[in-house]
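Any read-out appearing in this document is the output of simple, stated calculations on the displayed coordinates, not a laboratory observation. Computed from a predicted model, the values in this text were never measured in an experiment. Every residue, glycine as well, gets a Cβ built from its backbone with ideal geometry; the counts of neighbours run over all protein chains shown.
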Amino acid sequence: MKPRGPRFPIGLDRVAPGAQAPGVTQRPQRPVHEAAADARRRSAPSGLGLDSGAVRARMVQRLRAQGLLCEPVLQALEQVPRHHFVDAALVAQAYEDTALPIGHGQTISKPSVVARMLALLFEGRTARQRGTLGRVLEIGTGSGYQAALLGLLGSQVISVERVRPLHDRARTLLQPLRRPNLRLVWADGRLGHSPNAPYDTVIAAAGGEALPQSWLDQMAPGARLVAPLHASAGGGQVLMVVDRTESAWVRQVHEAVHFVPLKSGVA
Ligand code: SAH
């Protein structure tokens with residue numbers, strides 16, 4: 001029988017400093033006092049308490065108060081430790097509604113924007129009404145935070161990142177969460193990822209001047225895409241929603257957003 005991994009997410013915040021969560025393998029090369037210091041830093045992200053779960057619950061309450069009422073998304077946000085995906089120096093800001101740098105000129109998106117995009121994916125379609133995003137293609141793994149959320153919301157997630165060091169970092173950060181349904185790919189996400197197509201859900205965290213044809217082609221009938229897009233050359237970005245019906249792609253334009261650019265090639 002396959003050994004069972006730890007429950008997801010691993011309750012880093014519930015681990016006493018220096019102690020080990022059940023089923024979590026400590027990296028042997030790290031001195032115990034360093035790991036303990038890390039655990040302490042991560043466990044008190046705002047200095048408001050020792051349990052980051054409480055801080056996360058407050059973040060979710062704020063989103064609810066702002067009108068975000070999509071339960072599966074709120075539950076996922078309550079579970080995934082965002083502070084795990086930001087640099088140790090920024091842990092105190094991990095549950096503020098702000099984008100944070102993750103290196104290589106990229107950012108982890110604001111929780112309210114992540115929540116809004118995920119909620120849009122759940123709106124108005126039968127597969128999503130059953131509470132799952134199905135087979136998901138994510139473009140722009142970045143820190144891996146949104147990929148972790150998608151891992152809880154979809155049946156299978158392919159997350160593509162073009163910057164190798166970010167892809168590697170996300171792999172390391174996601175490894176302890178052991179999501180067998182989450183696969184990270186280092187590639188130019190403008191091409192989508194044809195080996196696992198078609199997808200029920202496509203979500204991009206970087207915006208270009210046009211939606212790549214491959215994303216549209218790799219959508220299953222009934223699929224929904226959410227992505228930032230420059231509405232006009234040189235203009236600001238808007239959030240686009242595209243639904244693929246049996247015979248067409250139906251587009252809706254939503255609010256203005258600000259995402260990093262969708263670049264070509266790998267780095
Ligand atoms: N969802 C991420 C946010 C990442 S920011 C998170 O939760 O942290 C957007 C990411 O898109 C960046 O890491 C950037 O490198 C990546 N990106 C930009 N163009 C891309 C492309 N063509 N293919 C794949 N990733 C791309």
Problem set entry | Test: Gln75 is under 10 Å from the mean Cα position of the chain (by Cα), of a type in the set (S, T, N, Q) and assigned to a helix (DSSP H, G or I) | no
Exercise. What is the one condition in (1) in a strand (DSSP E or B); (2) within 13 Å of the ligand (Cβ to nearest atom) that Leu225 does not satisfy?
Worked result: (2)
For this session: Tell me, yes or no, whether the range 148-159 has at least one residue that is under 15 Å from the mean Cα position of the chain (by Cα) and more than 24 Å from Glu71 (Cβ to Cβ).
Result: yes
Exercise. Got at least one residue in the range 229-244 being within 15 Å of the ligand (Cβ to nearest atom), part of a strand (DSSP E or B) and of a type in the set (Val, Ile, Thr)?
Worked result: no
For this session: Scan the range 213-253 for residues that are closer than 21 Å to Asp188 by Cβ and free of Cβ contacts under 8 Å to residues at least 24 places away in the same chain and report the count.
Result: 3
Exercise. Just one of Leu100, Leu133 is of a type outside the set (Gly, Ala, Ser), within 20 Å of Val163 (Cβ to Cβ) and touching a Ser or Thr at 6+ places or on another chain (Cβ under 7 Å); which is it?
Worked result: Leu100
Exercise. With respect to Arg56, is the statement that it is within 25 Å of Glu123 (Cα to Cα) and crowded, with 22+ Cβ neighbours inside 10 Å true?
Worked result: yes
Exercise. Filter the range 160-170 for residues that are buried (at least 16 other Cβ atoms within 10 Å of the Cβ) and not hydrophobic (A, V, I, L, M, F, W, C); which is farthest from Gly144 (Cα to Cα)?
Worked result: Arg162
Exercise. Any residue at all in the range 209-221 that is buried (at least 22 other Cβ atoms within 10 Å of the Cβ) and assigned to a strand (DSSP E or B)?
Worked result: yes
Exercise. Does Arg183 meet the test of being more than 9 Å from the ligand (Cβ to nearest atom) and part of a loop (DSSP other than H, G, I, E, B)?
Worked result: no
Problem set entry | Checking Ala197 against (1) over 19 Å from Val257 (Cβ atoms); (2) crowded, with 17+ Cβ neighbours inside 10 Å; (3) within 9 Å of the ligand (Cβ to nearest atom), the condition it does not meet | (3)
Seminar exercise, completed: Output for Cβ contacts, cut-off 9 Å, separation at least six or different chains, first residue within 6 Å of the ligand (Cβ to nearest atom) in the range 254-265, second hydroxyl-bearing (Ser, Thr, Tyr), reads Val260/Thr107
